[in-house]
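See structure below.
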Amino acid sequence: MASTLVLVVVFIFDLIAFALAVAAEQRRSSAKIATDAKSNYCVYDSDIATGLGVGSFLFLMASQALIMMASRCLCCGRALLPGSSRAWAIVLFISCWVAFLVAEVCLLAGSVRNAYHTKYRTFMSEHPPSCETLRKGVFGAGAAFIVFTGIVSELFYVSYSKADDGSLPQSRDTGIRMGSYS
């Protein structure tokens, strides 16, 4: 049977990762154009969203690592019992990894892009500098995939546990039988 402790710890890690991703979306960097005597330049506000995105990235990675260690990554260990639980475990395993990779890419790309600040000035120019910032919704997409990853990974662990209970039935017939000679 599935370990309740593993399910609770994974849920808490996913919840923390989700909260950090939502906070990162709310605290994205914004920029304003400032002007001094001879030039225009970009002034960025707080860069806390980068740290929140990286924190979310790490909590989601810890959650995935815990599920994979508890299930022996589906490929290590003894064979699973045949049936619908094994089939669902395989489908959910693949879905879990796809959703995890999409969430991690969103969080990592959002953190890197949020940390990037243009550092050039325009001197005596009519065109102000391009103050590039992170697009709205990158951390939000990561948060949505964190929720999806959390649901799928917990369903995977439960299906894996159902398919892993017990042992494979041993066949009584272990070879070729000898018949009586007539």
Peptides 136-143, 32-39: what's the order by average Cβ count within 10 Å, highest mean first? 136-143, 32-39
Net charge near VAL147, counting Lys/Arg +1 and Asp/Glu -1 over other residues with Cβ under 15 Å of its Cβ? -4
Taking only protein heavy atoms into account and a 1.4 Å probe, give the accessible area per residue of the range 79-121 in Å². 56 Å²
Direction-averaged shadow area of the convex hull around the Cα atoms of the range 1-64, nm²? 4.8 nm²
Once the in-chain neighbours fewer than 8 apart are removed, the aspartates and glutamates whose Cα is under 13 Å from LYS136 read GLU25
Averaging over all projection directions, find the projected area of the Cα convex hull of the range 1-116 and quote it in nm² with one decimal place. 8.7 nm²
Tell me, in nm to one decimal, what length is gained between LEU66 and ALA115 on full extension, where the rule is 0.36 nm per residue of separation less the Cα-Cα distance? 14.7 nm
Net length gained if the chain between CYS76 and SER3 were fully extended (0.36 nm per residue, minus Cα distance): 24.4 nm
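The values are calculated or read from the model by the stated rules, or taken from the named source; none is laboratory data. Since we're looking at a predicted model, the values are computed, not measured. Please note: Cβ atoms are built from the backbone with ideal geometry, for glycine as well, and neighbour counts cover all protein chains shown. When the accessible area is computed, the model is the full protein with side chains, heavy atoms only, and any ligands, DNA or RNA have been set aside. Shrake-Rupley method; radii C 1.70, N 1.55, O 1.52, S 1.80 Å.
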